[in-house]
Amino acid sequence: MPQIAVDYSERLADRFDRRGFGVAVNRLAVELIGATPNSCKLRFRRVEEPVVGADPDTYALVFVEFQIFPGRTPEAKVALSEAVLAALPGYLAEEPGAAPVQAAVNIMDIDRDCYRGTTLDAPAARSGVR
């Protein structure tokens with residue numbers, strides 16, 4: 001834990017260093033909320049048509065959402081949110097005339113009693129099984 005999702009506008013695809021940002025976000029989670037490195041699970045989701053405000057062409061979008069186990073202080077969550085927002089510009093390549101990027105971070109506690117996760121071993125090769 002944490003589960004981290006990053007939604008981003010499709011038009012950022014060529015200028016967003018997702019792998020670098022993902023590594024940075026995972027490190028921030030370890031540093032600021034005490035996550036263990038191997039427990040950070042981050043996925044990126046390209047959003048084809050985000051609409052921010054009344055004009056869909058005005059802004060691009062990056063939205064980072066953390067789902068974490070309860071117990072972190074509000075101060076730790078604020079520190080993580082602020083650090084993620086501060087890091088983001090370093091992973092967006094400059095592009096003359098590009099739309100400004102609306103960015104946001106949300107951190108939610110999940111129900112520890114209901115959450116389940118595991119690591120699955122790779123399935124053994126089975127001849128003749130499809």
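The values are calculated or read from the model by the stated rules, or taken from the named source; none is laboratory data. These numbers were taken from a predicted model, which means no experiment stands behind them. Counting neighbours? That spans all protein chains shown, and the Cβs are built from the backbone with ideal geometry, glycine included.
Exactly one residue out of 30, 6, 64, 78 is touching a residue at least 60 places away in the same chain (Cβ under 8 Å), β-branched (Val, Ile, Thr) and within 30 Å of residue 113 (Cβ to Cβ): that is 64.
For the residues 38, 26, the requirement of being modelled with pLDDT under 95, part of a helix (DSSP H, G or I) and over 18 Å from residue 93 (Cβ atoms) singles out 38.
Residues 16, 21: which one is surrounded by 16 or more Cβ atoms within 10 Å (Cβ to Cβ), in contact (Cβ under 8 Å) with a residue 24 or more places away in the chain and farther than 18 Å from residue 2 by Cβ? Result: 16 is the single residue among 16, 21 that is surrounded by 16 or more Cβ atoms within 10 Å (Cβ to Cβ), in contact (Cβ under 8 Å) with a residue 24 or more places away in the chain and farther than 18 Å from residue 2 by Cβ. Of 124, 54, 99, all but one fail to be touching a helix residue (DSSP H, G or I) at 6+ places or on another chain (Cβ under 9 Å), at pLDDT below 90 and farther than 19 Å from residue 22 by Cα; the exception is 99. Here residue 84 clears all of (1) assigned to a helix (DSSP H, G or I); (2) out of contact with any helix residue (DSSP H, G or I) (no Cβ under 8 Å at 6 or more places or on another chain); (3) under 12 Å from residue 4 (Cβ atoms) except the condition numbered (2).
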